[in-house]
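The values are calculated or read from the model by the stated rules, or taken from the named source; none is laboratory data. These figures come from a predicted structure and were not determined experimentally. Note: ideal-geometry Cβ built from the backbone for every residue, glycine included; neighbour counts use all protein chains shown. What goes into the accessible areas is simple: the full protein's heavy atoms, side chains included, and nothing from ligands, DNA or RNA. Shrake-Rupley method; radii C 1.70, N 1.55, O 1.52, S 1.80 Å.
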Amino acid sequence: GESVGLHLPTLSVQEGDNSIINCAYSNSASDYFIWYKQESGKGPQFIIDIRSNMDKRQGQRVTVLLNKTVKHLSLQIAATQPGDSAVYFCAENWGGGSYIPTFGRGTSLIVHP
Amino acid sequence: DTAVSQTPKYLVTQMGNDKSIKCEQNLGHDTMYWYKQDSKKFLKIMFSYNNKELIINETVPNRFSPKSPDKAHLNLHINSLELGDSAVYFCASSPTGNNQPQHFGDGTRLSIL
């Protein structure tokens, strides 16, 4: 399950399960959203993005869902593997602003073999 | 390999010293960034340069001075290092314009003794 506290939110799953990582964004004018994966000792790596004129986008084993009504973004990972263990960040961007994305807090995904 | 590369990967130094972190990208991007990531993994934008010109300077102490000799390089110089500067610093780049994901380096872990 998912736990939120003083430390980084953590989601623990078993290998083979589907994972859902959630993100609430703050700016209702944001029109571009990105998910990044950060492995230990590495920089954030682009996974998938979605524009505000869409509500769903699929990649390889990943799906991003966007609900603009409640300003919510989710990343679904199918058949989670140990290599998916990492910290996942959502980022929002507003085209009318500085083009600098604002990063969310991050969620640590732990996949147990 | 095409990438964002930053050096050094680790930097251990004493309070009061001056240090620099170098960043280079060979992706042909026009925009480069510096981020600071704290111990809770929160990513905060520090600076953004577009074609060697500063476009974003968040509330960062003026002890931090970015330098962009050309659009492929954005170096970060820090004067009079303080304990609170201990963090991981990430360089990133992206093409100009909205709806463009950023490409990150693998970070420089700065530890102040």
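Restricting attention to region B:56-70, report how many residues are hydroxyl-bearing (Ser, Thr, Tyr) and open to solvent by less than 70 Å² (accessible area, probe 1.4 Å).
As a first pass, look at region B:56-70 and keep what is hydroxyl-bearing (Ser, Thr, Tyr): B:59, B:65, B:68.
Now narrow it down to the ones that are open to solvent by less than 70 Å² (accessible area, probe 1.4 Å): B:65, B:68.
Number of matching residues: 2.
I want to confirm something. Restricting to region B:71-93 and keeping residues that are within 14 Å of another protein chain (Cβ to nearest Cβ) and within 14 Å of B:Lys36 (Cα to Cα), which single residue is surrounded by the most Cβ atoms within 10 Å (Cβ to Cβ)?
Among residues in region B:71-93 that are within 14 Å of another protein chain (Cβ to nearest Cβ) and within 14 Å of B:Lys36 (Cα to Cα), the one surrounded by the most Cβ atoms within 10 Å (Cβ to Cβ) is B:Cys91.
Quick check: is even one residue across region A:65-72 polar (S, T, N, Q), out of contact with any Gly (no Cβ under 6 Å at 6 or more places or on another chain) and closer than 26 Å to B:Met46 by Cα?
From region A:65-72, those polar (S, T, N, Q) are A:67, A:69; that's our starting set.
With out of contact with any Gly (no Cβ under 6 Å at 6 or more places or on another chain) added as a condition, the list becomes A:67, A:69.
Going one step further and asking which of them are closer than 26 Å to B:Met46 by Cα, we end up with none.
There is no residue in region A:65-72 that is polar (S, T, N, Q), out of contact with any Gly (no Cβ under 6 Å at 6 or more places or on another chain) and closer than 26 Å to B:Met46 by Cα.
Matching residues to (1) in contact (Cβ under 8 Å) with a residue 40 or more places away in the chain; (2) among the β-branched types (Val, Ile, Thr):
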| site | (1), (2) |
| --- | --- |
| A:Leu8 | yes, no |
| A:Val13 | yes, yes |
| A:Ser28 | yes, no |
| A:Lys42 | no, no |
| A:Lys56 | no, no |
| A:Gly59 | no, no |
| A:Leu73 | yes, no |
| A:Ile77 | yes, yes |
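Looking at (1) away from every other protein chain (no Cβ under 14 Å); (2) over 11 Å from the mean Cα position of the chain (by Cα); (3) basic (Lys, Arg), which is the one condition that is false for B:Lys67?
(2)
For region A:17-55, name all the residues that are part of a loop (DSSP other than H, G, I, E, B) and more than 13 Å from chain B (Cβ to nearest Cβ).
Of all residues in region A:17-55, those part of a loop (DSSP other than H, G, I, E, B) come to A:17-18, A:25-31, A:39-44, A:52-55.
Those that are part of a loop (DSSP other than H, G, I, E, B) and more than 13 Å from chain B (Cβ to nearest Cβ): A:Asp17, A:Asn18, A:Tyr25, A:Ser26, A:Asn27, A:Ser28, A:Asp55.
May I ask you to list the residues in region A:65-87 that are within 13 Å of A:Ala24 (Cα to Cα) and assigned to a strand (DSSP E or B)?
We begin by selecting, within region A:65-87, every residue within 13 Å of A:Ala24 (Cα to Cα); these are A:65-75.
Within region A:65-87, A:Leu65, A:Leu66, A:Asn67, A:His72, A:Leu73, A:Ser74, A:Leu75 meet the criteria.
A:Ser52 is checked against (1) surrounded by 15 or more Cβ atoms within 10 Å (Cβ to Cβ); (2) out of contact with any Ser or Thr (no Cβ under 8 Å at 6 or more places or on another chain) and fails just one. What number does that condition carry?
A:Ser52 satisfies all of (1) surrounded by 15 or more Cβ atoms within 10 Å (Cβ to Cβ); (2) out of contact with any Ser or Thr (no Cβ under 8 Å at 6 or more places or on another chain) except (2).
Name the residue that is surrounded by the most Cβ atoms within 10 Å (Cβ to Cβ), counting only residues in region B:94-113 that are at pLDDT 95 or above and outside any loop (DSSP other than H, G, I, E, B).
Initial filter on region B:94-113 (at pLDDT 95 or above): B:103-112.
Checking which are outside any loop (DSSP other than H, G, I, E, B) leaves us with B:103-104, B:108-112.
Working: B:His103: 22, B:Phe104: 24, B:Thr108: 21, B:Arg109: 16, B:Leu110: 21, B:Ser111: 13, B:Ile112: 19.
So the residue we want is B:Phe104.
Taking the stated definitions as given, is A:Glu15 farther than 30 Å from B:Cys23 by Cα, open to solvent by 70 Å² or more (accessible area, probe 1.4 Å) and modelled with pLDDT of 95 or more?
Numbers: farther than 30 Å from B:Cys23 by Cα: yes; open to solvent by 70 Å² or more (accessible area, probe 1.4 Å): yes; modelled with pLDDT of 95 or more: yes.
Yes; evaluated as a whole, the condition is true for this residue.
Mind listing just one residue for me: the one in region B:1-36 that is among the polar types (S, T, N, Q) and in contact with a Lys or Arg (Cβ under 8 Å, 6 or more places away or on another chain) and, of those, farthest from B:Tyr49 (Cα to Cα)? Walk me through it before giving the result.
Keep residues of region B:1-36 that are among the polar types (S, T, N, Q), which gives B:2, B:5-7, B:13-14, B:17, B:20, B:25-26, B:31.
When the remaining residues are screened for being in contact with a Lys or Arg (Cβ under 8 Å, 6 or more places away or on another chain), the result is B:6-7, B:13.
Working: B:Gln6: 16, B:Thr7: 19, B:Thr13: 27 Å.
For region B:1-36, the residue satisfying everything is B:Thr13.
Can you name the residue in region B:16-33 that is at pLDDT 95 or above and assigned to a strand (DSSP E or B) and is also most open to solvent (accessible area, probe 1.4 Å) among such residues?
B:Lys22
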